[in-house]
Amino acid sequence: MKNSSKRLKVIQPEKFIICKKILTLVLLINIQSCYSAAVIDDFVENSLDKNLQIKPYAPSIINDEFAESNKKYSRIKPYEKLKPVDEELPKTVNKPVRRKEFILEENRTPVQICIKEIYSSKKKLEEGSFLEFKTISDVNYKGKFYPAGTPVRARLETLSPRGTWGTPAEIVIGNFSIGGKPLYGEITRNGTNRILWVRPLAIAGGIFFGTGIFFMFIKGGHAKIKPDEIFTVYY
């Protein structure tokens, strides 16, 4: 006889395995949801007063002794009725003060002048520099006679140099005087404005050819004043 040492394999049915898994799941759920009852302490229950009643809280006013003692030093004034602004303002209307330089031109006496030599924004002059003009005809100013060709002094008030993209230069001349007496008026001169055609060309060149940036180097014209130009100031 041959002794066989083969082990027998126990094959469990499928249904038994499924039931085992379900039972395990139910046990886990019951363990996690154990009922916890309230713990009653007999000693505490016997020592409590059966007639004990909890009264509602009644808020009380807290008196600040420091604040009460310093009331007399308080600078808070009692409420006063506010007055509208129109009740406090005076009813009279003051007339505005008019400066002499704002007198209408029709009430002034005109004086025709011209610059002695050509002036351009190319010259290295700074704002505040003085320029020389002269009268075209005789002038009788405040009882004093000034013949034709009398020097008239003026000041360069504003000097804006020409810029890129065709921006023109600008000069403003004012503060005229003859014989130390003021004359009223102002001269403004602008150079050639090239913005109107430089900007469109720059935009078109940038869109179609990619060369619009080169137009930014085109500058506007210089501002000039020539001796043959006649200007009018007033006194």
Quiz item: Is there a residue in the stretch 195-212 that is of a type in the set (S, T, N, Q), surrounded by fewer than 17 Cβ atoms within 10 Å (Cβ to Cβ) and more than 27 Å from residue 235 (Cα to Cα)?
Solution: yes
Quiz prompt | Of all residues making up the stretch 119-154, the number that are closer than 23 Å to residue 192 by Cα and part of a strand (DSSP E or B) | solution = 3
Self-check item: When residues of the stretch 140-169 are limited to those that are of a type in the set (Lys, Arg) and touching a Ser or Thr at 6+ places or on another chain (Cβ under 9 Å), the one modelled with the lowest pLDDT
Solution: 162
Quiz item: Right, residue 172: buried (at least 16 other Cβ atoms within 10 Å of the Cβ) and over 26 Å from residue 193 (Cα atoms) or not?
Solution: no
Quiz prompt | Subset of the stretch 157-200 [aromatic (Phe, Trp, Tyr) and touching a residue at least 60 places away in the same chain (Cβ under 8 Å)] | solution = 176, 184
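The values are calculated or read from the model by the stated rules, or taken from the named source; none is laboratory data. Keep in mind that this is a model prediction, so the values were computed, not measured. Note: ideal-geometry Cβ built from the backbone for every residue, glycine included; neighbour counts use all protein chains shown.
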